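The values are calculated or read from the model by the stated rules, or taken from the named source; none is laboratory data. If you're wondering where the values come from, they're calculated on a predicted model, not measured in any experiment. Here the Cβ is made from the backbone with ideal geometry for all residues, glycine too, and neighbour counts use every protein chain on show. Heads up: the accessible areas ignore ligands, DNA and RNA and are worked out on the full protein's heavy atoms, side chains in. Shrake-Rupley method; radii C 1.70, N 1.55, O 1.52, S 1.80 Å.
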Amino acid sequence: MSALVQHPGYDEERLQRVCGQLPCRDVQAGMLLSLMGQPHQYSFPSIFIYGHRSSGKSHVMHVLLKELELPHAMVSCVECLSVAVLFEQVLLSFFGCDAASLLPRSPSLSDFVRVYRQQRSQRPAEQTRYIVMEKAELLRDADANLLPALLRLQELVEDNVTVILLSEIVWDKFRPNTGCFEPLQLHFPDYSKAGVSQDKHPSHSAEFYSSYINILLGVFYSVCRDLRELRHLVRHTLTMKETDTHKLWRNIEPHLKKAMRTVYLREVSSLQWEQMQQMEEKDTGAVRGLSAHTHVELPYYSKFLLIAAYLASYNPARTDKRFFLKHHGKIRKTNFLKKNEKTSNHLLGPKPFPLDRLLAIFYSVVDSRVAPTASIFSQISSLVTLQLLTQVSHDDQLDAPKYKCAVSMDFICAISRTVNFEIVQYLYDFL
């Protein structure tokens, strides 16, 4: 048992169980026990515990109060839609249903104090009573007198009771303008990288799971230290049955890259994730991912502008008549071939094209009639800003600027599918 959790007045066996259930939180648990003191002693009137989400605040309090069998009331401020629900939960936890029924229909703070004093005189406290307020930042939206009263509730009810506030924000954002009793403050830091790596998995060996956790933390720890989110990512990405740790990174890297773009979003469930993995195995050519955020969302006409730019970059200029005119005659591909065109245009890379050719192809492929307004030209500039198009002419060349398309074949196929356009039928290389 850690020496930080040892405290006189509590059974040593119970403290050992507490220590076993609180990994990496020995310092905080020991400090809380010091503030709480022995069970029969008067504790500090109010304690304010703050820290980021999933830093172990509620878990530490649950384990301490349950294993040490201390009288307590766990109150969630999210569930308390009114102060009446809060008062009823406190009285119900300490004195039973009869005490809670003594409150009027719309109780005030003075009603709660009066009923509490009556029950306290009938059932005096042999040990310190604890009221734990989870999500205490919601108390700032309650009545102005509620938070100051809870901070000095020990004085109001004349009982050995301690109010513990659990919050994700600092005390400076709680302090009323009129002033109030200052609680003792205790900070819970985020779990360290070494602490998170101590987690274990029931269906994998300790060596394999430790290697996987180190890889996951190396990718996500700089942007996400929320233990719940990290466990959520582990459940979604740990689908492989690899036992060789040397091959682990190569197999898991593409999955982590996809999950990196949707951390904190919780966009898919475990079942949906498995179904998407099976679809990717069946259709490797399709552009699929963990979420819709893996693709750039473009306006409707910007998608057609990008399609037109791709066709202008990878089709020879003289083939535009064959693709975009109705009465072009029967032209064979062999009649167009020259010595330098025997190589695929996709292997040679994108070629520059003028603005007027881009607009001509755009008006041919778009479904409806579109006027050449300033909105169309601004969308071309937006595509250049997004680096989907590259301007190859000088900035001072205003009469006929030239561009190149900078997207891949898979990307443009995914864009064309969203507008029901078969781009392969308009590519010269696929005739």
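Please provide three numbers in whole Å: the alpha-carbon extents of segment 39-78 along the principal axes, with the largest listed first.
32, 22, 18
Using per-residue counts of other Cβ atoms within 10 Å, averaged over each peptide, order 349-361, 298-310 from highest down.
Working: 349-361: 17.1, 298-310: 21.4.
The peptides rank, most packed first, as 298-310, 349-361.
Would segment 48-103 count as rounded, prolate or oblate if I go by the C-alpha gyration tensor, calling it rounded below 1.5 in a/c and otherwise prolate when a/b exceeds b/c, oblate otherwise?
On the way: a/c = 3.76, a/b = 1.51, b/c = 2.49.
Verdict is oblate for segment 48-103.
What ranking, highest mean first, results for peptides 187-194, 214-221 when packing means the other Cβ atoms within 10 Å averaged over each residue?
Details: 187-194: 14.9, 214-221: 16.6.
Most protected by this proxy first, the peptides run 214-221, 187-194.
With θ set to phi - 60° and the Karplus curve 6.51 cos²θ - 1.76 cosθ + 1.60, what are the ³J(HN,Hα) couplings of segment 223-233 in order, to the nearest whole Hz, using x for Gly and Pro?
Listing the rounded values in order: 10, 8, 10, 6, 5, 5, 5, 5, 5, 4, 5 Hz.
Quick one: net charge around THR390, please, counting Lys, Arg +1 and Asp, Glu -1 for every other residue with C-beta under 12 Å from its C-beta. Working shown, then result.
Working: positive: LYS351, LYS402, LYS404; negative: none.
Overall, the nearby charge balance is +3.
Quick check: at a probe of 1.4 Å, how many percent of the accessible area of segment 30-136 sits on carbon and sulfur atoms? List each step's numbers first, then the result.
Details: 2490 of 4920 Å².
With neighbouring chains kept in place, the figure for segment 30-136 is 51 percent.
Name the shape class, rounded, prolate or oblate, that the alpha-carbon gyration tensor gives for segment 371-431, where a ≥ b ≥ c are the square roots of its eigenvalues, rounded holds for a/c under 1.5, and otherwise prolate holds if a/b is larger than b/c and oblate otherwise. Before the final figure, lay out the partial values.
Numbers: a/c = 2.04, a/b = 1.68, b/c = 1.21.
Prolate is the answer for segment 371-431, as a/c is 1.5 or above and a/b outweighs b/c.
Just grab the label-to-label distance for LEU186 and SER34, each label 7 Å out from Cα along the Cβ direction, in nm (one decimal).
Label at LEU186, label at SER34, 1.1 nm between them.
If the limit is 18 Å between Cα atoms, which of LYS66/LYS135; LYS351/LYS404; LYS57/LYS135; LYS66/LYS193; LYS135/LYS173 go over it? Before the final figure, lay out the partial values.
Values: LYS66/LYS135 20 Å; LYS351/LYS404 6 Å; LYS57/LYS135 11 Å; LYS66/LYS193 28 Å; LYS135/LYS173 14 Å.
The answer is LYS66/LYS135; LYS66/LYS193.
Take the Cα atoms of segment 65-162, build their convex hull, and give its volume per residue in Å³.
Per residue, the Cα convex hull of segment 65-162 comes to 97 Å³.
If Rh is defined by the Kirkwood formula over all Cα pairs and Rg also comes from Cα, what ratio Rg/Rh do you get for segment 1-152?
On the way: Rg = 16.4 Å, Rh = 16.7 Å.
My calculation of the ratio gives 0.98.
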